[in-house]
Amino acid sequence: MYDVAIIGCGVIGASLAYRLSRCKLRILILERENDVAMGTTKANSAIVHAGYDPEPGTLMAKLNVQGSAMMEQLCTDLSVEYKRIGSLVLGFGEEDKKTLSRIYENGLQNGVPGLQMLTGEQARALEPTLSPDVTDALLAPSAAIIDPWGLCIAEAEVAVRNGAELRLRCEVTGISEQDDCCTITTAGGETFQARYVVGCAGVDAESILRMTAEPQFKTLPSRGAYYLLDKSSGSLVSRVIFQCPSATGKGVLVAPTVHGNLIVGPNAEEVNGSRDKAVTAAALDAVASASKKSVPSVDLRQSIRNFAGVRANTTLSDFYISPSSGRVLHAAGIKSPGLSAAPAIAEYMAEQLEAMGLTLTPRSDFDGTRKVNRFRRCTPEEKAALVRENPLYGRVICRCETITEGEIVDAIHSPIPPCSIDGIKRRAGAGMGRCQGGFCGPRVLEILSRELGVPQADILQDQDGTILITGETKTGGAQA
């Protein structure tokens, strides 16, 4: 019998697990994929939004501002890369100026610090590569960039290290309620019992809600495509550059990443489900056209990768965080700014669970920190000390990002061991550079095989089914 079962381990489920692991609770996390952070959490804009966009008085507005304020210290505690660089929302004419004035007032009511309205000239003084057609802008100094999957992985690892139980490849197919608990069934035929259940299934949250109640909303999955540009373009802008928001989202942005690249996107197009992550030529054309409106000199020929993510848009204009019964709580419609709000969403859900009857008794032995060695960020003295302690830190595997074998082996033996090359990429950064794993990929595969004690043919690129090796092409020795 578990005290709490969390369904889904994207950034919302992981944030809740991290928050609840501070307490004397038996926690179960059920994730259908072969790793955490496999949905929207690994394919988004990686922005911590300031909080001016949500309508005042909404749950989204409250939790966005609170979560943004919590994020820097949280990332420091967990060795997650984070940079507060600020953002600019651009206007192109009188209609956009009205929109900027509205979201400026929203921001003031929401408690966003440091907001300023700028003229086009003032905006270009801050960001010289902006279009000469920019007439106005809104500056939000509290906006930041982050490693989103890094945050999810870190919170999940700390929760597991503090006693939470994570079950991967465990898709929930049913929830039944009894007087004193809930029984959860899975696609693999397993059953689990928990006193309380929390659905955190991202774009698929509506399907979890339907297991216990009839939803009062409909999910409208929205796919967005991105360009990731080489580090040679990483300094084109120094802040997150937005266009005025619309009904479909916050528009196409141009922004640095915490890894030193430039990210451009997304567009918005409705799709049929959470797994439709196709990158189409039409989507990329739309992103290219929109981005050049903001920053005409953006060079999309520097693209090293294209990808798409699916957002949990719904017919509601706000987050949906509500119980369907006395034992089941649901988080749905956690679209942007869900990542920004994640720490505050976790606190809010913990309060909801406590109101439902869950006792949150703090643990005296809780350790909410995590230390990760990032060799490329170390001083020469720190690098020498690492190599003396573990010679594997002296062997560089990923040349683009200067990722060592020591970092990769540490990731493999972390509380949530990865089973794929991209799992290593998300944890250690190998494969994030210009060649996108062309050089280091085979070496990472060999290390995974060796450390996990499994055949190389069993190592995946990413999710289940992404097979890299199908068998030997040559057998036996040379013929006499």
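The values are calculated or read from the model by the stated rules, or taken from the named source; none is laboratory data. Note that the structure is predicted; figures quoted are calculated from it, not measured. Because the Cβ atoms are built from the backbone with ideal geometry, glycine has one as well, and the counts that use them run over all protein chains shown. Heavy atoms of the whole protein, side chains included, go into the accessibility calculation; ligands, DNA and RNA do not. Shrake-Rupley method; radii C 1.70, N 1.55, O 1.52, S 1.80 Å.
Is there a residue in segment 226-238 that is of a type in the set (Phe, Trp, Tyr) and open to solvent by 20 Å² or more (accessible area, probe 1.4 Å)? Yes, because at least one residue in segment 226-238 is of a type in the set (Phe, Trp, Tyr) and open to solvent by 20 Å² or more (accessible area, probe 1.4 Å). Among the residues of segment 268-289, those identified as touching a residue at least 12 places away in the same chain (Cβ under 8 Å) and either aliphatic (A, V, I, L, M) or open to solvent by less than 30 Å² (accessible area, probe 1.4 Å) (or both) are ALA268, VAL271, GLY273, SER274, ALA278, VAL279, ALA283, LEU284, ALA286, VAL287, ALA288. Of the set (1) at pLDDT 95 or above; (2) farther than 14 Å from LEU30 by Cα; (3) acidic (Asp, Glu); (4) surrounded by fewer than 14 Cβ atoms within 10 Å (Cβ to Cβ), all apply to ASP179 but (1). Taking segment 391-421 as the range and being outside any loop (DSSP other than H, G, I, E, B), over 14 Å from GLU446 (Cβ atoms) and open to solvent by 20 Å² or more (accessible area, probe 1.4 Å) as the test, the residues that pass are PRO391, GLY394, VAL396, ASP410. The set of residues in segment 253-267 being surrounded by 20 or more Cβ atoms within 10 Å (Cβ to Cβ) and in a loop (DSSP other than H, G, I, E, B) consists of THR257, ASN261, PRO266, ASN267.
For segment 50-80, filtered to residues that are charged (D, E, K, R) and part of a helix (DSSP H, G or I), the residue that is nearest to the chain's Cα centre (by Cα) is GLU72.
Counting only residues that are open to solvent by 60 Å² or more (accessible area, probe 1.4 Å), farther than 26 Å from ALA43 by Cα and of a type in the set (Asp, Glu), segment 436-468 holds 1 of them. Is it the case, given these coordinates, that TYR196 is farther than 30 Å from LEU253 by Cα and either in contact (Cβ under 8 Å) with a residue 24 or more places away in the chain or buried (at least 24 other Cβ atoms within 10 Å of the Cβ) (or both)? Spelling it out, TYR196 is indeed farther than 30 Å from LEU253 by Cα and either in contact (Cβ under 8 Å) with a residue 24 or more places away in the chain or buried (at least 24 other Cβ atoms within 10 Å of the Cβ) (or both). The residue of segment 97-150 that is least open to solvent (accessible area, probe 1.4 Å), among those that are of a type in the set (Ser, Thr, Tyr) and in a helix (DSSP H, G or I), is THR99.
Condition check for ARG32 on (1) in contact with a strand residue (DSSP E or B) (Cβ under 9 Å, 6 or more places away or on another chain); (2) under 24 Å from PRO245 (Cα atoms): one failure, at (2). Every test in (1) of a type outside the set (Ser, Thr, Tyr); (2) farther than 23 Å from PHE439 by Cβ; (3) open to solvent by less than 50 Å² (accessible area, probe 1.4 Å); (4) not in a helix (DSSP H, G or I) is passed by ALA385 save one, and that test is (4).
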